[in-house]
Number of protein chains: 2
Amino acid sequence: MKSSKNNSISPLAPEILSELPAIAGVRLGVGCSGTKYKDRNDVMIAVCDASTAVAGVFTTSKTASASVDWCRAQVSDGKGRAVVVNAGNANAFTGQQGIVGVETVVGKVADVLECPSTEIFASSTGVIGEPLDADAIVKVIKDTIANATPDNWLEAARAIMTTDTFPKLATATAFIGDLPVLINGFAKGSGMIAPDMATMLGYIFTDAPIPGDILQALLYKSVEHSFNSISVDSDTSTSDTVLMFATGQAHGTGLSDIQSEEDPRLDQFKEQLDALTLDLAHQIVRDGEGATKFVTICVNGAESDRAAKVIAKSIADSPLVKTAIAGEDPNWGRIVMAVGKSGQAADRDSLIIWIGDTQVTEKGYVHPDYDEQVTQGHMKGDEIMIKVDVGIAKGSATVWTCDLTHAYIDINADYRS
Amino acid sequence: MKSSKNNSISPLAPEILSELPAIAGVRLGVGCSGTKYKDRNDVMIAVCDASTAVAGVFTTSKTASASVDWCRAQVSDGKGRAVVVNAGNANAFTGQQGIVGVETVVGKVADVLECPSTEIFASSTGVIGEPLDADAIVKVIKDTIANATPDNWLEAARAIMTTDTFPKLATATAFIGDLPVLINGFAKGSGMIAPDMATMLGYIFTDAPIPGDILQALLYKSVEHSFNSISVDSDTSTSDTVLMFATGQAHGTGLSDIQSEEDPRLDQFKEQLDALTLDLAHQIVRDGEGATKFVTICVNGAESDRAAKVIAKSIADSPLVKTAIAGEDPNWGRIVMAVGKSGQAADRDSLIIWIGDTQVTEKGYVHPDYDEQVTQGHMKGDEIMIKVDVGIAKGSATVWTCDLTHAYIDINADYRS
């Protein structure tokens, strides 16, 4: 088994961090509140110009954090001036004090920006159940905003990290009609990763002129096949949040109003947004706590796309599959087990499994030409591909995950995160 | 974190193994087929006298083993002469050859016992997807039956072990009316443990005169609150099987026929059967792969008993909760998270959590008198109690699990089981 030590960068980290260009109408500031981390920035504020549209997707957890409750209440207005994020404390399960904490923090940001507090969004990430020291955050807000600059993406991505070993950034360009637009995004997440209709923390910014309701529709669809299709440990966070801001300040000639998410001028933008959210989601898997393998699981032949996703997640979340991958063992019997336990329709005697490019099974049994040496070679790599056809209908889904190693246990048994 | 080394006996094992008395009409034989384990018995045959009633509960896996398919097809007749079990190979996902394998094995047992093969049950446990060497098993069947004795319970329980570190046995007595009866049971299971309407392997024998259909009803109810309420790793086996045989040979005076599962004369028998299945289920958790803590999770206040069980399992199966327990950290925020991700109704602001006897939360926040030193003391013990009231209605459930340690990863990454 490969090792992935605490505090060192994940062996699956991208070799180069993306460099993000400025986006007209967005500035990023970072500050150090000292609430948990003493020697690094732990507050991030992204400030957008007035009349920026906003969209958001949030955790389905029944014990969502006070910050998530706040954002959910405000997002339907579609107006977003800023988002303030603190790392180290999730402000989840903190009762009335937690609600007051969010209101205090967003109130201060609104004061400095001279706007309604309902246009200020907030996220908190870290330990659940400890009181948020809102005053410590409030103290650094004014300076953090004053020092915000358009090129501060890397420091912004670093300031929201908790057990992450590298900052997660991505950028894309697209044309909407003749108008060139930019999309930037950054995210955090490493453990407690199994979003369901939502995700860990992700912030996406564009200068495209897209109204809030259309932005919401585009974001929702994009999240389903990216952040909502990854799993590190099958645990769903109380704080999962993706927010997207559109400043509308891209310069160009005569783009008439976008009035529908079906407007064909949005096709390339959708494509690029999907690629960007997928890139960030993959970076989260690559920084999965203790991960040494990046695993792609494709399921075809299911009763529906939804059924395919349930089966893919059943494989992705199985501790026995994940430990076999950590041990570089092509133990495909555990994949059969995980398909079987998913509860979704599957035809045992039509089930086909591939590991890498090698077909392992046929007609409910091992393939006559199957050579385990070949799949063993594939398992030794960093990128593992598992494909399954369950032989029922045409539903398909892809899910990404990582292996389960000793380092996951070290990180979560020995530290309170 | 405490350690639980491979190949040594679980630190949670019972100090004394139960000694099981003979049950009239039951003999147990063991043999060594040499198919996987070379230096131990790996075949067990329990032979019952003619006119023994049988009941069974099986895995809900969509990729059930050939042996499970066979048992399911025969059990409705309610007649059971014998069960033959092999350890080391699950005969799951072995296609047509697997079906022929079961038929060959049960056919041989039926020949020796001179009875229809439909009265012979079979289980296989071990690696999934490898062909079963039925001939090797067939070779030892005659001698195994010839050497079967009424007092061979311990060797029978040992012969069906795979990654188990100790044999699991239990015995009970009850009166049905004035008739004293015996119940014996043994089981195996250590990993791939998250039964759903079924379980790992368990075999229960009684001399009580109970017809097959009533036996089935009693067994089904008993399994729901025992084998179906435990989880080691959230993975559901392809081979889960509980079979119960009633020889009807208990001697006594004038017990008229039992014609209904509601017969009040069965009350004590039900109670003792439930205690026995729970005892065996707890032994499986105590032998959970890598386990160092035995964890009881009680959920109250849920929308229904079913909802309570889903919440309890969400806590029991959370890798973050399990690693916190391994690390002896009373990280109750992760319990909040697991309640939230369960998808069941819960009122965050009424949620109450206890660790041991200590109330941790109140009104959606940490309890004002909460002293973490007290819960830390509880977490250092071997027996962890987590109680949750979700504040919605009156549904309740209890689920048992163990912690997630390095040894689980060693066992499953480094060995193919």
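Plainly put, the tip 7 Å out from Cα toward Cβ on B:Gly107 is 8.2 nm from that tip on each other copy, the closest given first.
Summing Cβ point charges (Lys, Arg +1; Asp, Glu -1) relative to the Cα centre of chain A gives a dipole of roughly 720 debye. Need the C-alpha centroid separation for the stretch A:74-99 versus the stretch A:156-231, integer Å. The two parts, judged by their Cα centres, are 18 Å apart. Among the trypsin sites (Lys or Arg not before Pro) in the stretch B:312-355, none sits in a DSSP loop with a Cβ that has at most 12 other Cβ atoms within 10 Å. Taking a sphere under 9 Å around the Cβ of A:Ala134 and counting the other residues whose Cβ falls inside, with K and R at +1 and D and E at -1, yields a net charge of -2.
How about the stretch A:3-89: which trypsin sites (Lys or Arg not before Pro) there lie in a loop by DSSP and see at most 15 other Cβ atoms within 10 Å?
Numbers: sites: A:Lys5, A:Arg27, A:Lys36, A:Lys38, A:Arg40, A:Lys62, A:Arg72, A:Lys79, A:Arg81; in loops: A:Lys5, A:Lys36, A:Lys38, A:Arg40, A:Lys62, A:Arg81.
The qualifying sites are A:Lys5, A:Lys38, A:Arg40.
Nearest 20 debye, what's the magnitude of the dipole of the stretch A:294-414 about its Cα centre given +1 on Lys and Arg Cβ and -1 on Asp and Glu Cβ? Present the calculation step by step, with values, prior to reporting the outcome.
Working: 11 positive and 18 negative charges, 104 e Å.
Taking the Cα centre of the stretch A:294-414 as origin, the dipole is about 500 debye.
Each part gets one Cα centre, and for the stretch B:249-322 versus the stretch B:34-49 those centres are 28 Å apart. Of the chymotrypsin sites (Phe, Trp or Tyr not before Pro) found in the stretch B:223-325, none is in coil by DSSP with at most 16 other Cβ atoms within 10 Å of its Cβ.
Note on the protein assembly as shown: Cα-only Rg and Dmax are 29.0, 101 Å. For the residue pairs A:Lys380/B:Lys293; A:Lys341/B:Lys341; A:Lys168/B:Lys313; A:Lys341/B:Lys363; B:Lys38/B:Lys168; A:Lys341/B:Lys387, alpha carbon separations beyond 29 Å are given by A:Lys380/B:Lys293; A:Lys168/B:Lys313; A:Lys341/B:Lys363. Plainly put, the tip 7 Å out from Cα toward Cβ on B:Asp151 is 8.8 nm from that tip on each other copy, the closest given first.
What the pair-distance distribution of the stretch A:1-79 shows, using all Cα-Cα distances binned every 10 Å from zero, is 12, 24, 38, 22, 3, 0 percent.
Answer rounded, prolate or oblate for the stretch B:294-414, using the Cα gyration tensor with square roots of eigenvalues a ≥ b ≥ c: rounded when a/c is under 1.5, else prolate when a/b is larger than b/c, else oblate. Write out the running numbers ahead of the final one.
Working: a/c = 2.06, a/b = 1.28, b/c = 1.61.
Oblate, since a/c reaches 1.5 and b/c is not below a/b.
Taking the centroid of alpha carbons for each part, the stretch B:349-417 and the stretch A:127-142 are 27 Å apart. For the pair B:Ile9 and A:Lys270, a Förster radius of 60 Å applied to the C-beta separation gives a FRET efficiency near 0.55, rounded to the nearest 0.05. Find which of A:Leu243, A:Gly101, A:Ile284 sits farthest along the positive direction of the dipole of chain A, computed with +1 on the beta-carbon of Lys and Arg, -1 on that of Asp and Glu, about the Cα centre. Value computed over the given set: A:Gly101. Residue-level result for chain B: its Cβ closest to the axis carrying B onto A, with that distance in Å, is B:His406, 3.
In chain B, excluding the sites themselves, the longest stretch lacking any of the GluC sites (Glu not before Pro) that are in a DSSP loop with at most 15 other Cβ atoms within 10 Å is B:263-417. Dipole magnitude for the protein assembly as shown: computed about the Cα centre from +1 point charges on Lys and Arg Cβ and -1 point charges on Asp and Glu Cβ, it is near 500 debye. For B:Ser350, the shell of other residues with beta-carbons less than 15 Å away shows a net charge of 0, using +1 for Lys and Arg and -1 for Asp and Glu.
What does the helix-only formula give at 222 nm for the protein assembly as shown: each DSSP H stretch with n ≥ 4 adding -39500 (n - 2.57), the total divided by the residues, and the result rounded to the nearest 500 deg cm²/dmol?
Working: 22 runs with 258 residues, N = 834.
That comes out to -9500 deg cm²/dmol.
Within 10 Å of the Cβ of each residue in A:338-349, the mean number of Cβ atoms contributed by other protein chains is 6.
I want the local charge near B:Thr149. Using Cβ-Cβ distances under 12 Å, sum +1 for each Lys or Arg and -1 for each Asp or Glu among the other residues.
On the way: positive: B:Arg27; negative: B:Asp151, B:Glu155.
Once all neighbours under 12 Å are counted, the net charge is -1.
Between copies, the label points at A:Glu19 (set 7 angstrom from Cα along Cα-to-Cβ) are spaced 8.0 nm, reported in nanometres from shortest to longest. A crude spin-label estimate for the pair A:Asp151 and A:Cys115, with each label 7 Å from Cα along the Cβ direction, gives 2.4 nm. Toward the positive end of the charge dipole of the stretch B:26-286, with +1 on the Cβ of Lys and Arg and -1 on the Cβ of Asp and Glu, the farthest Cα among B:Ala134, B:Leu273, B:Ala50 is that of B:Ala134. The mean number of partner chain beta-carbon atoms within 10 angstrom of a residue's beta-carbon across peptide A:64-73 is 1.
Tell me, rounded to the nearest percent, the portion of alpha carbon pairs in chain B spaced more than 27 Å apart. It would help to have the intermediate numbers written out before the result.
Details: 44402 of 86736 pairs.
Looking at chain B, the distances longer than 27 Å represent 51 percent of pairs.
Where does the stretch B:222-333 land on the Kirkwood hydrodynamic radius, alpha-carbon pairs, in angstrom? The answer is 17.0 Å.
Each reported figure results from applying straightforward, stated rules to the coordinates on display, with no laboratory input. Bear in mind that the values here come from a model prediction, so they are computed numbers and not experimental data. Ideal geometry is used to build each Cβ from the backbone, glycine not excepted, and the neighbour counts take in all protein chains shown.
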